[in-house]
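Beneath this line is the structure, given in C-alpha cells, with notes to follow.
Every number in this text was worked out from the coordinates using simple rules, so none of it is lab data. Because the structure is predicted, anything quoted here is derived from the model rather than measured. Here the Cβ positions follow ideal geometry from the backbone for every residue, glycine too, while neighbour counts run over all protein chains shown.
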Amino acid sequence: MGRIVLENVTKSFGDAQVIPPLNLTIEDGEFAVFVGPSGCGKSTLLRLIAGLEETTSGQILIDSKDATEVPPSKRGLAMVFQSYALYPHMTVRKNIAFPLRMAKMSQSEIDKKVEGAAKILNLADYLEQKPGQLSGGQRQRVAIGRAIVREPAAFLFDEPLSNLDAALRVGMRLEISELHNRLRTTMIYVTHDQVEAMTMADKIVVLRAGNIEQVGSPLDLYHTPRNIFVAGFIGSPK
Ligand code: ADP
Ligand code: MG
C-alpha cells in the first residue's frame with residue numbers, strides 16, 4: 001500500500017499552466033523528495049496528490065485506483081503541516097487524537113493509538129501539555145503524531161521544518177528519516193533545501209517551472225546531473 005502514480009497530470013490556475021503534463025511514479029515504501037526553487041510547483045503537486053486541489057487533466061492513481069473522485073479524507077494519505085497548524089487550546093493528546101475523533105473511533109482505541117504514536121515520537125511525558133509549553137521540535141513531532149495515528153498509506157510533508165532554526169532542523173531531519181526506517185511507509189517530502197533532499201531521499205524529483213528536470217537517487221543526481229540546472233541546484237561539480 002502506498003504506490004502513487006501520476007499520469008499526464010496538468011494543473012492550471014486560470015490561464016496559467018503551473019504543471020505541464022507530468023508523469024511520475026512513487027513506489028510503495030519510498031522516501032521521495034520534491035525539490036526546486038520557490039514557485040516551481042512543489043506544493044501544488046503535493047496538494048494535487050492529497051486531493052486539496054483538483055487536477056486540470058490527467059490521472060492520479062493511489063494503489064492502482066483512480067483518485068480523481070476520491071475526497072482528501074478518503075485517499076488514505078496524511079498531510080503533515082508545519083507545527084503552527086496545531087490547536088493551541090488543546091492538549092498534545094487531543095491534538096494527536098483529533099483525526100481519530102473526527103472518524104468517530106472509540107475512546108479506548110483512540111487512547112491506544114495516541115499513546116503508541118507518543119511513544120514512537122518521545123512525547124509520552126507531554127501528552128497533557130499544551131503546544132505552547134513545548135519546544136519547536138516537540139511541536140513538530142505532535143504534528144507528525146497526528147498523521148501517524150491515521151496509519152496512512154503515505155505521508156505528505158510540505159516544508160515541515162522551514163520555521164525551525166538550523167540546529168533543530170538537522171535533528172528533525174534525522175527523526176523523520178528514522179520514522180521512515182521504522183514504518184517503511186511511503187513518504188513524499190517537499191523542500192527547497194538541497195541538503196534536506198540529498199540526506200533524506202531515496203528518490204529526488206527536481207522541479208523547475210512545473211517540469212520534472214530529473215528523477216533519481218541522490219548519488220545519480222550528484223554524479224550524473226542531466227543539465228546545468230540540476231548540477232547547479234544539487235551542488236555537484238559541472
Ligand atoms: P512552490 O511550493 O514550489 O513554492 P507553488 O506550488 O506554491 O510553488 O506554486 C507554483 C505556482 O503556482 C506559483 O507561480 C504560484 O503563484 C501558483 N499558484 C499556486 N497556488 C495558486 C492558486 N491557488 N491560485 C493561483 N496561482 C497559484
Ligand atoms: Mg510551497
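Assorted remarks:
- Restraint check, 104/130; 130/203; 42/94, Cα-Cα greater than 27 Å: 130/203; 42/94
- Whole-angstrom gap from the range 29-79 to the range 120-188, using each part's C-alpha centre: 20 Å
- Legend: translational diffusion of the range 185-238 by Stokes-Einstein, Rh = Kirkwood radius over C-alpha pairs, 20 °C, 1.002 mPa s; D = 191 µm²/s.
- From least to most packed, judged by other beta carbons within 10 angstrom and beginning with the fewest, 206, 5 follow the order 5, 206.
- Least to most buried among 222, 87 (fewest other Cβ within 10 Å first): 87, 222
- Taking every DSSP helix (H) stretch of at least 4 residues in the chain, weighting each as -39,500 (n - 2.57) and dividing the sum by the residue count yields a mean residue ellipticity at 222 nm of -10500 deg cm²/dmol.
- Amide hydrogen neighbours beyond the local backbone of residue 129, cut-off 5 Å, H modeled: 92, 93
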